[in-house]
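Worksheet: one structure, shown below.
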Amino acid sequence: MFVIEEPIERNHLIKTWWTQKRLKYNIGLILAGIIAFLLYAILGSILIVPHDPDFEITLFTIAFQGFGYFIMILIANLFYYLGPLTDRLINKDNSEKFRKNLYNLGFCFSVGLPFLIPIIIVIQYFLLYAK
């Protein structure tokens, strides 16, 4: 395996690798947000509405939550920089396997976060309404 000894070349390689993965990361965030919102709407309608008619989804709430999720995507992109930073600081051997595992860990965590909301809907149902 070719090992780059120049720190500048290594840093450029790391930056390029992570930059190339950012589009996949953002597409994953967008798809996760859409799917999580659909699950939220479906589960809320099935589990919560029969017990709490105040649960509603309107165009205003969709727009508000969409804007809020857009802000969260921006914040997630700021946290994305922790990937190349961690890669530079910890991956001294310039291991591709380490880099991929680090990316996959961050990707799965970031894409999984939006699904906490539908999970909360299910927990709310069992805690408040299931008999």
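The values are calculated or read from the model by the stated rules, or taken from the named source; none is laboratory data. Since this is a predicted model, take the numbers as computed values, not measurements. Reconstructed Cβ throughout: ideal geometry from the backbone, glycine too, with neighbour counts over all protein chains shown. Side chains are part of the model used for accessible areas, which takes the heavy atoms of the whole protein and leaves out ligands, DNA and RNA. Shrake-Rupley method; radii C 1.70, N 1.55, O 1.52, S 1.80 Å.
Full extension of the segment from Leu13 to Leu89, taken as 0.36 nm per residue of separation minus the current Cα-Cα distance, would add 26.0 nm.
Pairs of Cα atoms nearer than 8 Å and 6+ residues apart set the relative contact order; for segment 14-131 it is 49 percent. Dividing the C-alpha radius of gyration of segment 27-92 by 2.2 N^0.38 Å, with N its residue count, gives 1.59.
Summarising the label geometry, the points placed 7 Å from Cα in the beta-carbon direction at Thr61 and Ile27 lie 3.2 nm from one another. Using a probe radius of 1.4 angstrom, the carbon and sulfur fraction of the accessible surface of segment 55-109 is 76%. Over the C-alpha atoms of the chain, the Rg to Rh ratio, Rh being the Kirkwood estimate, stands at 1.16. Taking Cα atoms only, the orientation of helix 59-80 departs from the longest principal axis of the chain by about 20 degrees. As a calculated quantity, the FRET efficiency between Asn77 and Lys100 at R0 = 22 Å, using C-beta atoms, amounts to about 0.65.
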